[in-house]
Amino acid sequence: MPTYTFKLRSDAGWVADNVGATLVDNASAYRYACGVARELMRSREIQTRYWLLEVFQYGQGPLFDILFATVDPTLDHLRREVRVLVENASEKKRALKDTIHDIGLTVRESQALLARSTGRPHLISGNGEITIRNFA
C-alpha cells in the first residue's frame with residue numbers, strides 16, 4: 001500500500017509531515033486529508049478557512065490540495081452561490097498569504113547573500129527553511 005504525506009500551509013508558514021500515512025488508494029487519502037482538515041479547523045473555522053492541506057504520494061509529486069473552506073461544515077447551511085463566494089475569497093487569501101511568505105523568504109535570502117558577499121555573518125536557516133535556496 002502506498003504512503004501519503006501531507007503539507008499544511010497556514011499562518012505559521014508551511015509544516016510538512018515527514019512520516020505520512022499508509023492508505024489504500026488516492027480516494028482514501030482524500031477522505032483522510034478531509035478529516036485532518038476538519039479536525040484542525042474545529043472551533044476556529046473562520047480563522048482557518050484559507051489554510052491548505054497538500055497531499056503527496058511518497059516518491060511522486062503532489063496529488064491534490066484541500067482548501068479548508070471546501071470542507072468547512074459551518075458553511076453547509078449557505079446557498080451554493082454564497083458558499084462558492086466564501087471559498088473563492090478563502091482561495092484568494094491563501095494566494096496572498098503564499099505571496100507574502102515567498103516575499104519574506106526572498107528578503108531573507110537577499111540579506112544573507114549581501115552579508116555573505118561582504119564577509120559578515122548571516123542566518124543559515126529560519127523556521128527549518130534554508131535561507132539561501134539552491135545553496136550547495
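For the range 64-117, what are the residues that are open to solvent by 100 Å² or more (accessible area, probe 1.4 Å), under 24 Å from the mean Cα position of the chain (by Cα) and acidic (D, E)?
Hits for the range 64-117 are D76, E91.
Testing A16 on (1) at pLDDT 95 or above; (2) open to solvent by 40 Å² or more (accessible area, probe 1.4 Å); (3) of a type in the set (A, V, I, L, M), one condition comes back false. Which one is that?
Here A16 clears every test but (1).
Across the range 45-60, what is the number of residues that are surrounded by fewer than 13 Cβ atoms within 10 Å (Cβ to Cβ) and closer than 23 Å to A12 by Cα? Steps first, please.
Step one: filter the range 45-60 for residues surrounded by fewer than 13 Cβ atoms within 10 Å (Cβ to Cβ), giving 46-47, 58-60.
Now restrict to residues that are closer than 23 Å to A12 by Cα: 46-47.
The number of residues fulfilling the criteria is 2.
Checking the conditions here, which among P62, P73 is at negative phi and modelled with pLDDT under 95?
One residue alone meets the criteria, P62.
So, in the range 43-55, exactly how many residues are free of Cβ contacts under 8 Å to residues at least 40 places away in the same chain, closer than 17 Å to S90 by Cβ and either in a loop (DSSP other than H, G, I, E, B) or among the small types (G, A, S) (or both)? Walk me through it before giving the result.
The first filter runs over the range 43-55 and keeps only residues free of Cβ contacts under 8 Å to residues at least 40 places away in the same chain, leaving 43-48.
Filter once more, so that each one left must be closer than 17 Å to S90 by Cβ: 44-48.
Now drop any that are not either in a loop (DSSP other than H, G, I, E, B) or among the small types (G, A, S) (or both), which leaves 44.
So the answer is 1.
Looking for whichever is over 21 Å from D11 (Cβ atoms), assigned to a helix (DSSP H, G or I) and not small (G, A, S) here; the options are R83, R38, R120. Which one fits?
Working: R38 fails: over 21 Å from D11 (Cβ atoms); R120 fails: assigned to a helix (DSSP H, G or I).
Testing whether each residue is over 21 Å from D11 (Cβ atoms), assigned to a helix (DSSP H, G or I) and not small (G, A, S) leaves just R83.
Could you please tell me which pairs satisfy a Cβ distance under 8 Å, a separation of 6+ or placement on different chains, a first residue in the range 21-42 that is aromatic (F, W, Y), and a second residue that is open to solvent by less than 20 Å² (accessible area, probe 1.4 Å)?
Y30/V55; Y30/I66; Y32/Y4; Y32/A21
Scan the range 76-99 and report the pairs whose first residue is touching a residue at least 60 places away in the same chain (Cβ under 8 Å) and whose second residue is outside any helix (DSSP H, G or I) and aromatic (F, W, Y), with Cβ atoms within less than 8 Å and a gap of 6+ or a chain change.
Close Cβ pairs (under 8 Å, with a partner that is outside any helix (DSSP H, G or I) and aromatic (F, W, Y)) amount to R94/Y50; R94/W51; K97/Y50.
Take the residues of the range 123-132 that are modelled with pLDDT under 75 and in a loop (DSSP other than H, G, I, E, B): which is least open to solvent (accessible area, probe 1.4 Å)?
The selected residue is G128.
The values are calculated or read from the model by the stated rules, or taken from the named source; none is laboratory data. Predicted, not measured: the structure shown is a model, and the values here were computed from it. We place every Cβ from the backbone using ideal geometry, glycine too, and count neighbours over all the protein chains shown. Areas reflect the complete protein model, heavy atoms only, side chains present, ligands, DNA and RNA absent. Shrake-Rupley method; radii C 1.70, N 1.55, O 1.52, S 1.80 Å.
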